[in-house]
Each structure stands twice: as C-alpha cells, then as structure tokens.
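All of the numbers you see were taken from the coordinates with simple rules; none came from a lab. Small disclaimer: the values here were computed from a predicted structure and weren't measured. For neighbour counting, all protein chains shown are included, and Cβ atoms are generated from backbone atoms with ideal geometry for every residue, glycine included.
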Amino acid sequence: MRIKGRVWKFGDDISTDLIIPGKYKFKTIDFDELARHVMEGADPSFASKISKGDIIVAGKNFGCGSSREQAPVVIKHSGISIVVAKSFARIFYRNAFNIGLPLVESKDLPDYVNTGDVIEVALSEGKIYTKDRTFDFKPIPDFLMRILEDGGLVEHYKKRGRFIWETQ
C-alpha cells in the first residue's frame, strides 16, 4: 500500500480540539459539514486549501486532548490520506485505525519536509520517500494493516465476520 500526496505541516501538540473545534462537533453529526472545519483551530483556512490525497505531517503528540472520535473521522472525510507525525496520542492512534485512517510515526521526517512538498509513504515497506531522501519507520503491524485494507474496524468485521483477535 503506497500513498503519495502533498504535505501540510503542523507543529507539536495538535489536539483534537484543534482538529475539529467543539463548537462544531456539538452542532452536527454531518461529516461533510464537519470536514469544512478540519484543522480550523490550527489553520482557519486549511479546509479550503487541501485536495483529496494530501498528507498531514506534524510534530509530537498529534491528536492529544479528549478522545473525540470525530477528529480522525473528520480528517479522513476531508480527503487527507494519511497523517505522519513524530508521535500520536494513544487514543487518537487507535481511533484512527478503527475508522481506516493510516498513521505513521517518523521522528525525523517532520523536521525535513515543508508544506507543499510531495512525499510517498510505502506502508508495507516502512519507508517514506521525498524527492531526495528516504526515511524508515516501524511498519504498521499486520493486524492493523488488515483493518486499514478493509476500510476500518466495522468494515473489517463485516467482511470477515469476526475481529482479528478472535479465533476461527
């Protein structure tokens, strides 16, 4: 699985409230509407600038704060294909995979790339390619890759009739 896209760079400690401010989350459950406000707390015009397939690259502790499940859903619904960060908040990490949004941890890439750069992430190889450098990351575990490939945990269960950790 390879993902290629344009980078949108953010710093450290991007909270779920910066990803989707609570003032919107509590007004509607319409994800088209919520996606119009993705990352608004960090960059008010972000949603109007992105294109389908773009990539968020951020510093450490991405997705911190509340366990707001809407945060990864809204990122995915907006068309962002993957988030690469130095580290992720634990609940955000699992929520993202559960809804089919891939995340990759890379300690070095966020300091190397800038908004507008194009990168390619090879999930199964554990590599990120820029125009002139390759970065390694710990590959996504097989069970999480299967969840991603199936479109999230619910779709995974529908397709397979069982959760990955259950025996046949």
Taking the Cα centre of the chain as the origin and placing charges on Cβ (Lys, Arg +1; Asp, Glu -1), which of HIS37, ALA58, ILE119 is farthest toward the positive end of the dipole? HIS37
Arrange VAL74, VAL7 by Cβ neighbour counts within 10 Å, fewest through most, would you? VAL7, VAL74
Label of the coordinate-derived value, Cα Rg over 2.2 N^0.38 Å, listed as [x] 0.96; [y] 1.00; [z] 1.91: [y]
Fully extended, how many nm does the chain gain between LYS23 and GLU120 (0.36 nm per residue separation, minus their Cα-Cα distance)? 31.5 nm
DSSP beta bridges in the chain [antiparallel fraction, %, rounded to 5]: 50 percent
